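Reading through the structure tokens given below for one structure.
The values are calculated or read from the model by the stated rules, or taken from the named source; none is laboratory data. No experiment lies behind these values; they were computed from the predicted model shown. Here the Cβ positions follow ideal geometry from the backbone for every residue, glycine too, while neighbour counts run over all protein chains shown.
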Amino acid sequence: MSTVSETTHDSAVAMSAPPSADEGLTPLQRAQKYDLAQSGARPGLAEYIRQLWARRHFISAFASAKLTAQFSQAKLGQVWQVATPLLNALVYYLIFGLLIGTRKGVPDYVPFLVTGVFIFTFTQSSVMAGTRAISGNLGLVRALHFPRACLPISFCLMQLQQLLFSMGVLVVILLAFGQVPTWSWLLVLPALLLQFVFNTGLAMVMARLGSKTPDLAQLMPFIMRTWMYASGVMFSISVILKGKHVPHWVEVLLYSNPAAVYIDLIRFALIDSFKASQLPPHVWAFALGWAVLAGVAGFVYFWKAEERYGRG
Amino acid sequence: MAEQMDGVPSTTATQERIPTVIADELHIVYRVYGTGAGKGSATAALSRIIRRRPSVGMREVHAVKGVSFTAYRGESIGLIGSNGSGKSTLLKAVAGLLPAERGKVYTHGQPSLLGVNAALMNDLTGEKNVILGGLAMGMSREQVRARYDDIVDFSGINEKGDFISLPMRTYSSGMAARLRFSIAAAKDHDVLLIDEALATGDRAFQKRSEARIRELRKEAGTVFLVSHNNNSIRDTCDRVLWLERGELLMDGPTDEVIKAYEKETGK
């Protein structure tokens, strides 16, 4: 637009000898003159965030579309949204609650277990979806241009929507086991928000790793299961540690584990018998710290390889 | 016999010739893994991943060798050459999907590449694909809503019944290609790259897309078209690049280049 005044002058020259105006310029100089950008270059971080914001409707629409398509081939359809988390909780209750007996010393074991399973599943499925976010959508990545971070973010948003179904189930279970809604239930909102940011950051790291080494998708279930058993999903860390002499660093590690932090926060919010004294020290600081650390580091790490996704 | 012809017909000479794509001595090298020369055992593969060392069995394919050209606003450029001559690779590089080994490509705005293999979201309905595709290209929700009917009509998906509400995995390859083209063509692109995407459509659809390509050019865009159908190139392009073995053999007005190409290929 800035060259409007030049245009009339240039065109008069161009009539007689078309290429003369730019003759003698190197390709780079000509590219700069006409405001051309190098193809496939990575935008700056601020510009990248702006592009991402401009695609916010795509991110949310993609998440809901994927969510509804998920069970479209199943006969029961959307019933599975609720049935899957319920069956999951039932299996863990049979094994850990009845067979192994980790319920000892944990009051309100069923709400305790179900909360743990649902909250950990949120992180687990976000990480798994993140790993395949790029490698599983190469067609889309190669066909259309959009900031690639849309994909891992969208998949985490889809997991968040999925979690809302689970939370509905959880509320029914809580009420059935005699929990009374209190104001502390509202603490679920900030806790889930922080967990969502943490998940998204982690998913973006996994998306970049998974785009280069698709084998990770085979490996991740085992890593995630190990993480789950260490996160106090089906047992109480404080009950297990009571009266045992474990090295201090193991204790710190168990308590600062982000999955354990988010699970305990939500148990504290929802279950009456889960007292503040059972929470790890500085739990909100840890929840916030993990979210900021994973969110920022994951985003920057993902952006650093933006121009390389979907190539080769 | 590289014949560079600068003075492309005077149809565009009345306006200022504004470059939209500049390729400067572009070289592209593919790296192909697993050609069999290296050790194929699992432990060898693991150690390669851990040490981040490229595979021993890697081979390099020099697909584009030093191609330079400048494309201008309002031009429609055909790319011809035998299979494996580097046409698709060149388009991918212009779209920014393949890194250049040496040399550079400069483009105005973000070029969009339409290829035969570009599957969108197969598990979603055609309707969702239209909406999500539009949003992904950066259209607003209102723009998508306003153009939705046009896109569906243009694709002709609904001519034989209500197919737009079926998942895209149930579409025939021709239908899927038509829908993809319709989605991509709905936006005004500065640079649109079409890689044989029209070949699968039927005759009526090809006519419609050729009209749309001419429209896009009028909207001051540049269109690149790879096709093995010389008539299709004649109908839509005013300039043709002839690639052979990764080198630019000829660059000039459509009739001249196609005549030379047909002579060479003995048609």
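Working only within the range A:249-284, note down all residues that are in contact (Cβ under 8 Å) with a residue 60 or more places away in the chain, buried (at least 19 other Cβ atoms within 10 Å of the Cβ) and not hydrophobic (A, V, I, L, M, F, W, C). Listed by number, the residues that qualify are A:PRO258, A:TYR262, A:ARG267. Suppose the filter is more than 9 Å from every other protein chain (Cβ to nearest Cβ), within 30 Å of B:ILE18 (Cβ to Cβ) and touching a Lys or Arg at 6+ places or on another chain (Cβ under 8 Å); does B:ASP195 pass it? When the stated conditions are applied, B:ASP195 passes them.
Table: residues versus (1) at pLDDT below 90; (2) on the phi < 0 side of the Ramachandran plot; (3) more than 14 Å from every other protein chain (Cβ to nearest Cβ).
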{"site": "A:VAL110", "(1), (2), (3)": "yes, yes, yes"}
{"site": "A:GLN124", "(1), (2), (3)": "no, yes, yes"}
{"site": "A:ILE153", "(1), (2), (3)": "no, yes, no"}
{"site": "A:LEU192", "(1), (2), (3)": "no, yes, yes"}
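All of (1) more than 14 Å from chain B (Cβ to nearest Cβ); (2) surrounded by 21 or more Cβ atoms within 10 Å (Cβ to Cβ) hold for A:ALA133 with one exception: (1). Every condition in (1) under 29 Å from the mean Cα position of the chain (by Cα); (2) under 30 Å from B:LEU91 (Cα atoms); (3) surrounded by 12 or more Cβ atoms within 10 Å (Cβ to Cβ) is met by A:TRP53 except one, and the failing one is (3).
Could you grab me the full set of residues in the range B:214-267 that are surrounded by fewer than 18 Cβ atoms within 10 Å (Cβ to Cβ) and among the β-branched types (Val, Ile, Thr)? Of everything in the range B:214-267, just one residue is surrounded by fewer than 18 Cβ atoms within 10 Å (Cβ to Cβ) and among the β-branched types (Val, Ile, Thr), namely B:THR265.
Yes/no per residue for (1) out of contact with any Leu (no Cβ under 9 Å at 6 or more places or on another chain); (2) at pLDDT below 90; (3) within 12 Å of chain A (Cβ to nearest Cβ); (4) under 21 Å from B:SER112 (Cα atoms):
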site: B:PRO19; (1), (2), (3), (4): no, yes, yes, yes
site: B:TYR33; (1), (2), (3), (4): yes, yes, yes, no
site: B:ALA44; (1), (2), (3), (4): yes, yes, no, no
site: B:SER47; (1), (2), (3), (4): yes, yes, no, no
site: B:ARG51; (1), (2), (3), (4): yes, yes, no, no
site: B:GLU60; (1), (2), (3), (4): yes, yes, no, no
site: B:ARG73; (1), (2), (3), (4): yes, yes, yes, yes
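May I ask you to say which residue of B:VAL94, B:VAL64 is in contact with a Pro (Cβ under 9 Å, 6 or more places away or on another chain) and either away from every other protein chain (no Cβ under 12 Å) or closer than 30 Å to A:LEU28 by Cβ (or both)? Step through it out loud before you land on a result.
Numbers: B:VAL64 fails: in contact with a Pro (Cβ under 9 Å, 6 or more places away or on another chain).
None of the others qualify; the one that does is B:VAL94.
Of the residues B:ALA184, B:ALA136, the single one that is out of contact with any Lys or Arg (no Cβ under 6 Å at 6 or more places or on another chain) and within 27 Å of B:GLY81 (Cα to Cα) is B:ALA184. Only one entry of A:PHE146, A:PHE155 meets the criterion of being within 18 Å of A:TYR301 (Cα to Cα) and crowded, with 24+ Cβ neighbours inside 10 Å, and that entry is A:PHE155. The residues in the range B:216-242 that are over 16 Å from B:TYR72 (Cα atoms) and of a type outside the set (A, V, I, L, M, F, W, C) can be counted, and the count is 8. Scan (1) buried (at least 18 other Cβ atoms within 10 Å of the Cβ); (2) free of Cβ contacts under 8 Å to residues at least 60 places away in the same chain; (3) among the small types (Gly, Ala, Ser) for the single condition A:ALA176 breaks and write down its number. The one condition A:ALA176 does not meet is (1).
Looking at the range B:109-190, what helices (runs of 4 or more DSSP H) fall wholly within it and have at least 2 residues that are within 11 Å of chain A (Cβ to nearest Cβ) and within 16 Å of the chain's Cα centre (by Cα)? If you could, list the steps in order and put the result at the bottom.
On the way: elements: B:126-136, B:141-155, B:173-185.
In the range B:109-190, the matching helices (runs of 4 or more DSSP H) lie at B:173-185.
Based on this model, can you work out whether B:VAL105 counts as over 24 Å from B:ALA199 (Cβ atoms), part of a helix (DSSP H, G or I) and facing another protein chain (nearest Cβ under 10 Å)? Steps first, please.
Numbers: over 24 Å from B:ALA199 (Cβ atoms): yes; part of a helix (DSSP H, G or I): no; facing another protein chain (nearest Cβ under 10 Å): yes.
Spelling it out, it is not the case that B:VAL105 is over 24 Å from B:ALA199 (Cβ atoms), part of a helix (DSSP H, G or I) and facing another protein chain (nearest Cβ under 10 Å).
Tallying residues that are in contact with a Phe, Trp or Tyr (Cβ under 7 Å, 6 or more places away or on another chain), more than 17 Å from A:ALA133 (Cβ to Cβ) and either in a helix (DSSP H, G or I) or of a type in the set (Asp, Glu) (or both) within the range A:276-312 yields 4.
A quick yes/no check of all residues on (1) closer than 14 Å to B:PHE181 by Cα; (2) surrounded by fewer than 18 Cβ atoms within 10 Å (Cβ to Cβ):
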{"site": "B:GLY126", "(1), (2)": "yes, no"}
{"site": "B:MET139", "(1), (2)": "no, no"}
{"site": "B:ARG145", "(1), (2)": "no, yes"}
{"site": "B:VAL152", "(1), (2)": "yes, no"}
{"site": "B:GLY156", "(1), (2)": "yes, no"}
{"site": "B:GLU159", "(1), (2)": "no, yes"}
{"site": "B:PHE163", "(1), (2)": "no, no"}
{"site": "B:LEU166", "(1), (2)": "no, yes"}
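Here no helices (runs of 4 or more DSSP H) wholly within the range A:1-74 include at least 1 residues being at pLDDT below 80, more than 9 Å from chain B (Cβ to nearest Cβ) and touching a Leu at 6+ places or on another chain (Cβ under 6 Å).
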